[in-house]
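So the structure is just underneath, and the comments pick up after that.
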Amino acid sequence: MEVLASYGKRTKLDTRATGIVVSANVIGVNGRSFSLRTGQQLPGFVPGVAFSRAGHALVVAPGGAAIKHADGRVVSLKVDGTGMLDPLFVGSSLVMQDDPMRARGLAVFDIETGELRGRLEHDRMVSGTREVVEASLCAAREPDHVWVRDRSSLRAWDLGTVRCSQHIPGFNGTTFAGVGLLPGRTLATERSSADAARNVVVFDGVSVAREREIAGTFMGVAFDRLIVQNMEKQELHVLDPSLELVETLSLREIGLVGFLPLWSDQREFLAVDWHSQVHHFGEPSLRPSAVATEAAPPKKKASKKKV
């Protein structure tokens, strides 16, 4: 894999870019829309905060939030709070943190009615003088199911009933960070032990199938590849499902990044930097057909190193 294109005007300020996946072929960067396949900027602004594969959009509405359907219908959400943090459409549901203080579990909304079905309750961590819910999530392969990672456990939730269907607990001070799904419904995450060793872990059901110590942070899954960021060396390490290192990508011209998965069955993902840019990584065959209007690619392409 390599950097295929970079979107947004690069700045010297310590400002993280805003990246949103609008569809399988369109992304939003700092409010503007771009085509991943042509590399060109599209007319208008990004028309929402989050999007579903079926064409739904989470939008800001008077008094709160609403879901705009592909047919033009707008359904107001019955939100208890004022936040719209970490939204994710999954089947007939929208999961998000509507509490800006993160003191409550993630809210599950019915996208047809806007009703609050319930909350995904999780272990809490202490932040300052209060307890907060720190969680990351990814859609499971089953319709209306989602995997949620908090610091001390992994849980699969049935969003139709708002009930936990699988639970992988930590043990002896183990903590988890990040979560993603490989093909075949295979769950991947990072697990840290009490002695601070970090391992990337692939599960078979609820049992550990493979595990490998890493010098970095597990970022997520790009189809059948696991992405690990080594902050000290400013590199991305690309692992296959057997956890073998297959590629190393340089970040020296980009800096530290955040990870944003794409709706793709190909090896590609987005990396969000702290200079107002979003970088599209992927196989060379996925390179856009034209240069993005506001693209400013790094001077050097990501280096490849076979292992």
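Things worth noting here:
- Count of segment 265-280 residues, restricted to those that are under 14 Å from Leu226 (Cα atoms) and either small (Gly, Ala, Ser) or part of a strand (DSSP E or B) (or both), is 4.
- Within segment 54-100, the residues that satisfy the criterion of being closer than 22 Å to Ala24 by Cα, surrounded by fewer than 19 Cβ atoms within 10 Å (Cβ to Cβ) and small (Gly, Ala, Ser) are Ala54, Gly55, Ala70, Gly72, Gly91, Ser92.
- Pair list, Cβ under 8 Å, 6 or more apart: segment 149-161 residue free of Cβ contacts under 8 Å to residues at least 24 places away in the same chain, other residue surrounded by fewer than 17 Cβ atoms within 10 Å (Cβ to Cβ) and charged (D, E, K, R): Asp158/Asp144
- Residue within segment 24-40 that is polar (S, T, N, Q), free of Cβ contacts under 8 Å to residues at least 40 places away in the same chain and part of a loop (DSSP other than H, G, I, E, B) present: yes
- Among the residues listed as Ala70, Ala66, the single one being at negative phi, assigned to a strand (DSSP E or B) and modelled with pLDDT of 90 or more: Ala66
- Hits in segment 142-199 (condition: hydroxyl-bearing (Ser, Thr, Tyr), surrounded by fewer than 16 Cβ atoms within 10 Å (Cβ to Cβ) and part of a strand (DSSP E or B)): Ser165
- Any hit, segment 76-88, residues being within 26 Å of His275 (Cβ to Cβ) and either in contact with a Phe, Trp or Tyr (Cβ under 7 Å, 6 or more places away or on another chain) or aromatic (Phe, Trp, Tyr) (or both): no
- Qualifying positions in segment 12-39 - under 21 Å from Gly255 (Cα atoms) and charged (D, E, K, R): Lys12, Asp14, Arg16
- None of Val206, Val162, Val246 is aliphatic (A, V, I, L, M) and at pLDDT below 90 except Val206.
- Candidate set from segment 226-259 (those that are of a type in the set (A, V, I, L, M, F, W, C) and part of a loop (DSSP other than H, G, I, E, B)); member that is nearest to Glu190 (Cα to Cα): Leu243
The values are calculated or read from the model by the stated rules, or taken from the named source; none is laboratory data. On a predicted model such as this, the values are computed, not experimentally measured, just so you know. Note that each Cβ is placed from the backbone with ideal geometry, even for glycine, and that neighbours are counted across all protein chains shown.
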